[in-house]
Amino acid sequence: MKIDEHQLHEFIADSGLVSKKDVDAAATEAKKTGKSLGDILVSGGKIEENDLRRISAYVLGIPFVNLKDKKIDPELLSLIPEPIARNNNIIVYNKKDGEVEVAMLDTKDLAAIDNVRKKIGLKVRVRLTDDASIKNALLQYQKSLKEEFGDIISRESKSIKVIDESTKDKTEAELLKIAADLPVVRIVETLLKHAIIQKASDIHIEPSEHEVIVRYRVDGLLHDAMTLPKEAGPSIAARIKVLSSLKLDEKRLPQDGRFKIDSDGEKVSFRVSTLPTFYGEKVVMRLLREGGGGFSLDTLGFHGQNLERIHQATQQKTGLILVTGPTGSGKTTTLYTILDILNTPDVNISTVEDPIEYQMPRVNQTQVNPRIGLTFESGLRSLVRQDPDIIMVGEIRDKETAALAINAALTGHLVLATLHTNSAAGAIPRLLDMGAERFLLSSTLRVIIGQRLVRKLCEKREEYTLNKTARDKIARTDHFDAAFQALVEEKLVKPKSSIDDVTFYHPVKSSECESGYDGRIGIHEVLRMSEGMREMMMQNTNTDGLEAQARKEGMLTMLEDGLYKAAVGTTSLEEVLRVISE
């Protein structure tokens, strides 16, 4: 249903929420641009989006429901899978007389309404609601699902068939039969779905003397999710091996595999690693959500000069772009995001990776397989004969791969790669240690990106300011000055203000946000290879000297970028210091 703009104008003016002058000015702009009056008022900060929703509901004659304090029956919640409810902001909250009532943020989303109607098979009555109501309902979703998963696992683990010591003498067929036992199948399926809902990045299944501990890594931190009977461990490991096409009867050596599932419309790949331990096989699974692309550099946390430097490097036809950091710091996601920017119909992109974490359209991706001789070195050597314009190397691990990547960058290719170092400046000595020629490296490097991941603060947080004594305990004055200057350049603080006026934030735990944090974002340093940096390289300068030169040329270090993000309320100082000190 389309809202009559004239009616909307009158109702907003009568509501008293916006001054007549602002309403008339927005109406004039709406006529010129063809945009909605409501959209202009919201984008201009004249009215809250939830207030506009209430007025729109009144104009359209759609009932408005408040679910902020409403406990919804878990059976009603389960009518729509949680990912669909979250993505479409739609909640079933009532059912009567063969029809359901759903609350939505956008009642014009006819596709979502139609999907719910088909899935439930009942008549759907649409109601409008607000953000707080949707948040409350989604929180209940998680709680009811946790209880449901706990019940399933508790029930099924009691009826699981025990694999005893004679397992080593069983045939592959017998082990396959044990792994297909219905309780085992249900437990593994439940663990996977629970991890997806919890937004976990990794699942650890760890056998111990008396039980099996299941841990999830959420927002970079591991925490216990549940415990299972010790007897369930071997059967669960066997089931995961079946899904990953691994050898069931091989328990003495580590194995790596992969499988994919579709959970309520969300496709997720699981990268599996098994490792023999004293009490049995430990299994670790990395969750890789398909379509995990769709990021942009600014949503990853790049801003200001960092963003400009990367865009300048991607506009070059040749050269080497490096992303550095420890395992799990988001290097691959950054590379894929840059590739997504570069992925246009007029270029040929080829990659050699271990493993392929996301599938990208129009990109030729090769998975290394050292067992058959397909290494980064041999894969890269073959790639340059495939007429690529852009090459991505998953990781530079040795002298040969480094030499090939540099030579490819010299001979007309733009090369993207990752490297394990603690800082951007540390990448240069690392490559030189690998045997890279100093003069070749100086002429091919475009930018080096160093990064870590910090947890993002929830909306509810506590403000505070720091005096000089407190700041001195955290970082040197020049680091705070650099972060403050970035805030000034991006017009986030007034030039005449000082660091003493900047507000920082503490996390606040709540029922909606259990840890005070939700999700992660990068803190970065982007080192551009200027003439000054090249001269420093040729003079055999160490990491500290290179970093000092880069800072003179305007580079924000990861610590300084972390201070900047703490000042804008993205994260906390505690979180920045935790990550930087790791």
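What's the carbon and sulfur percent of the stretch 487-582's accessible surface, probe 1.4 angstrom, rounded to a whole number? Ligands and nucleic acids excluded, carbon and sulfur give 47 percent. The heavy atoms of residue 141 present about 10 square angstrom of accessible area, all protein chains included, probe 1.4 Å.
Sparsely packed loop sites in the stretch 353-415 (the trypsin sites (Lys or Arg not before Pro) outside DSSP H, G, I, E and B with at most 13 other Cβ atoms within 10 Å) comprise 362, 385. Here the stretch 218-279 has 51 percent of its accessible surface on carbon and sulfur atoms, given a 1.4 Å probe and all protein chains in place.
I'd like the distance separating the alpha-carbon centroids of the stretch 308-322 and the stretch 211-287, in whole Å. The distance from the Cα centre of the stretch 308-322 to that of the stretch 211-287 comes to 39 Å. Average accessible surface for the stretch 195-246: 38 Å² per residue, computed with a 1.4 Å probe over protein heavy atoms with every protein chain in place. How many percent of DSSP beta bridges within the chain run antiparallel, rounded to 5? Taking every DSSP beta bridge within the chain, about 65 percent pair in antiparallel fashion.
Just to confirm a number: summing +1 for Lys and Arg and -1 for Asp and Glu over residues other than residue 215 whose beta-carbon lies under 9 angstrom from that of residue 215, what do you get?
Values: positive: 217; negative: 202, 206, 224.
That sum, taken over residues with Cβ under 9 Å, equals -2.
The overall shape of the chain is oblate: from the C-alpha gyration tensor, with semi-axes ordered a ≥ b ≥ c, the ratio a/c is 1.5 or greater and a/b is no larger than b/c. Heavy atoms of the protein chains alone define the surface here; on that basis the stretch 254-346 has 45 Å² accessible area per residue at 1.4 Å probe size.
State whether the stretch 471-582 is rounded, prolate or oblate according to the following rule on the C-alpha gyration tensor (a ≥ b ≥ c being the square roots of its eigenvalues): a/c under 1.5 gives rounded; otherwise a/b larger than b/c gives prolate, and the remaining case gives oblate. Note, shape of the stretch 471-582 comes out prolate. Protein heavy-atom surface of the stretch 304-438, 1.4 angstrom probe: 46% of the accessible area is carbon and sulfur, with nucleic acids and ligands not counted. The phi torsions of the stretch 467-484, fed into the Karplus equation with coefficients 6.51, -1.76 and 1.60 and a -60° offset, translate into couplings of 8, 4, 4, 5, 5, 5, 6, 9, 7, 5, 4, 5, 5, 5, 4, 5, 5, 5 Hz, rounded to whole numbers, with Gly and Pro shown as x. Each other residue within a Cβ distance under 10 Å of residue 285 adds +1 if Lys or Arg and -1 if Asp or Glu, for a net charge of +2. Summing charges over neighbours of residue 319, with a neighbour being any other residue whose Cβ is under 12 Å away from its Cβ, gives +3 when K and R count +1 and D and E count -1. Which of the three applies to the stretch 494-542, rounded, prolate or oblate, going by the alpha-carbon gyration tensor with a ≥ b ≥ c and a/c under 1.5 meaning rounded? Oblate, because a/c is 1.5 or more while a/b does not exceed b/c. Among the trypsin sites (Lys or Arg not before Pro) within the stretch 183-241, those in coil by DSSP and having at most 15 neighbouring Cβ atoms inside 10 Å are 199. Estimated purely from DSSP H runs of n ≥ 4, each contributing -39500 (n - 2.57), the mean residue ellipticity at 222 nm for the chain is -12500 deg cm²/dmol once divided by its residues.
Approximating the spin labels as points 7 Å out from Cα along Cα→Cβ, the residue 277-to-residue 253 distance works out to 2.2 nm.
Think of a 1.4 Å ball rolled over the protein heavy atoms: the stretch 68-135 then has 52 Å² of accessible area per residue.
The values are calculated or read from the model by the stated rules, or taken from the named source; none is laboratory data. Computed from a predicted model, the values in this text were never measured in an experiment. Positions of Cβ are generated from backbone atoms using ideal geometry, with glycine treated the same way; all protein chains shown enter the neighbour counts. These area figures cover heavy atoms from the full protein model, side chains too; ligands, DNA and RNA do not enter into them. Shrake-Rupley method; radii C 1.70, N 1.55, O 1.52, S 1.80 Å.
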